[in-house]
Protein chains: 2
Amino acid sequence: MIIESKQNERVKQWKKLHKRKNRDADGYLLVEGWHLVEEVFHSNWSIKELIVKEATTLPKEYDDIKQFYVTDAVFRELSQTETNQGIIAVAEKPNYQVDAQTTQKVLCLDGIQDPGNLGTIMRSALAFQIDLIVLGTGTVDPFNDKVIRATQGAIFQVPFVQGDLTDWLTELKKNDIPIWATALDERAQPLPHVSARDQYAIIVGNEGSGVSKTVIDQADETLYIPIAEQSESLNVGVAASIVLYHFQQ
Amino acid sequence: MIIESKQNERVKQWKKLHKRKNRDADGYLLVEGWHLVEEVFHSNWSIKELIVKEATTLPKEYDDIKQFYVTDAVFRELSQTETNQGIIAVAEKPNYQVDAQTTQKVLCLDGIQDPGNLGTIMRSALAFQIDLIVLGTGTVDPFNDKVIRATQGAIFQVPFVQGDLTDWLTELKKNDIPIWATALDERAQPLPHVSARDQYAIIVGNEGSGVSKTVIDQADETLYIPIAEQSESLNVGVAASIVLYHFQQ
């Protein structure tokens with residue numbers, strides 16, 4: 001049976017997942033395209049069901065997942081890409097239990113707003129073996145389709161939590177994790193002078209305003225990446241990645 | 001006088017500049033928004049004229065530039081942003097004369113396709129004091145509005161040329177510039193083991209396929225950024241920036 005109507009109740013429920021408030025309420029999100037669906041399938045995340053465009057052949061490995069076939073028109077209603085590949089997974093939001101003992105390398109995000117930047121940062125966090133990403137209040141929703149695409153699937157492998165940064169930093173301090181904020185205050189050290197380490201929390205901030213004052217005040221130390229005088233700043237995804245690269249050496 | 005018709009010849013000419021082939025033929029491009037217009041105004045690039053939405057007040061410093069006021073509807077026709085700021089500069093494409101003697105740090109791009117990635121890379125190239133960017137065939141047009149926005153204005157300050165990479169690499173070799181390609185071939189060295197230097201050309205490649213084989217063959221050496229096993233790769237803008245950061249130290 002193929003779902004043919006955009007008014008179908010199931011279709012309406014799926015479409016609602018385009019919006020953050022409904023993802024928050026329902027606990028599900030959409031993962032679109034062959035590569036990302038395969039990545040989420042092979043991760044620890046759970047897939048509730050697959051939405052498949054008519055005449056699309058699925059690999060055998062997806063046989064145990066509930067499948068709903070829909071017409072091309074219905075699929076286009078649900079797709080969030082310009083040229084769709086005919087497959088969307090309805091995935092369950094993960095719920096990571098944070099173990100303070102094994103959480104040694106933490107990346108904290110203070111109000112990152114661009115989905116592409118957040119995706120790039122999550123991708124780099126996986127590459128540079130971050131144990132946990134803390135997405136502070138004001139950071140774009142990681143379950144946004146643009147974020148997921150920009151992570152190229154890394155989002156399914158790197159643990160993250162959403163919450164209040166102040167609370168998280170207080171917790172990290174209790175576990176003696178040194179906290180570094182990227183900031184240009186008086187005490188700031190140039191990154192090349194900071195030696196690599198095994199334990200750290202690094203805070204990067206909003207594209208326009210950087211890390212907020214109250215958060216900087218909680219940091220043990222601050223650092224900056226030296227750049228040419230005529231350059232205003234680096235892209236925040238780049239800056240975060242350079243710091244992670246440096247700390248990893 | 002305010003231009004009120006989308007059929008106005010001048011409006012039609014401006015709108016044509018949304019397309020690469022017309023920018024290539026005319027030698028002009030559009031720069032939109034207050035911040036970018038100010039950046040191009042204070043750079044060595046030339047502004048031919050300003051397109052201004054009716055009821056917008058311009059700063060005195062723009063008095064010497066030809067100004068055309070247009071209605072809100074006409075402006076929206078020309079704007080390439082969702083919420084426009086009412087100002088667009090028609091700028092002349094720069095024509096950089098490359099001086100081999102002072103060109104010591106070169107970044108070569110082999111088929112970068114995403115405008116956001118190219119913009120990020122140009123921004124980092126300015127920050128890490130690259131003397132010249134060579135945009136190889138197959139790389140997205142740098143005069144594309146999305147690229148310009150992603151550079152945040154850095155495009156107006158860092159010299160670049162478009163051309164055949166093979167020809168450029170041959171030229172660089174004549175000047176004894178060591179050429180490094182990012183690649184995972186047998187001879188590749190991990191970036192942290194490569195020592196910083198004053199002279200170099202670095203090649204980064206396409207988002208999906210990396211640097212092409214023929215270009216790698218022209219490189220003196222190759223390098224890679226060590227990443228976690230479960231990570232597929234870094235974003236190319238991030239990878240390029242990390243290499244530039246490392247070489248700058």
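Considering every residue within segment B:215-225, establish whether at least one is within 8 Å of chain A (Cβ to nearest Cβ), under 18 Å from B:I112 (Cβ atoms) and surrounded by 15 or more Cβ atoms within 10 Å (Cβ to Cβ). Yes, segment B:215-225 has at least one match. When A:Q248 is tested against (1) at pLDDT 95 or above; (2) within 13 Å of another protein chain (Cβ to nearest Cβ), exactly one condition is not met: (1). When the residues of segment B:226-236 are filtered to those that are farther than 13 Å from B:P190 by Cα and in contact with a strand residue (DSSP E or B) (Cβ under 9 Å, 6 or more places away or on another chain), the one that is nearest to the other protein chains (Cβ to nearest Cβ) is B:S233.
Of all positions in segment A:88-103, at least one carries a residue that is crowded, with 16+ Cβ neighbours inside 10 Å and under 20 Å from A:E4 (Cβ atoms).
Considering segment A:70-84, and only residues there that are in contact with a helix residue (DSSP H, G or I) (Cβ under 9 Å, 6 or more places away or on another chain) and farther than 14 Å from A:I148 by Cβ, the residue that is surrounded by the fewest Cβ atoms within 10 Å (Cβ to Cβ) turns out to be A:E77. Pairs linking a residue in segment B:121-132 that is assigned by TED's automatic domain parsing to the domain that holds B:L234 and of a type in the set (K, R) to a residue that is crowded, with 24+ Cβ neighbours inside 10 Å and part of a helix (DSSP H, G or I), with Cβ atoms under 6 Å and 6 or more positions apart or on different chains, are B:R123/B:T151; B:R123/B:A154. Within segment B:140-167, being surrounded by fewer than 23 Cβ atoms within 10 Å (Cβ to Cβ) and either basic (K, R) or within 20 Å of B:I179 (Cα to Cα) (or both) holds for B:K146, B:R149, B:P159, B:F160, B:V161, B:Q162, B:G163, B:D164, B:T166, B:D167.
The values are calculated or read from the model by the stated rules, or taken from the named source; none is laboratory data. Keep in mind it's a predicted model, so treat the numbers as computed, not measured. Cβ coordinates were reconstructed from backbone atoms using ideal geometry, including for glycine residues, and neighbour counts include every protein chain displayed.
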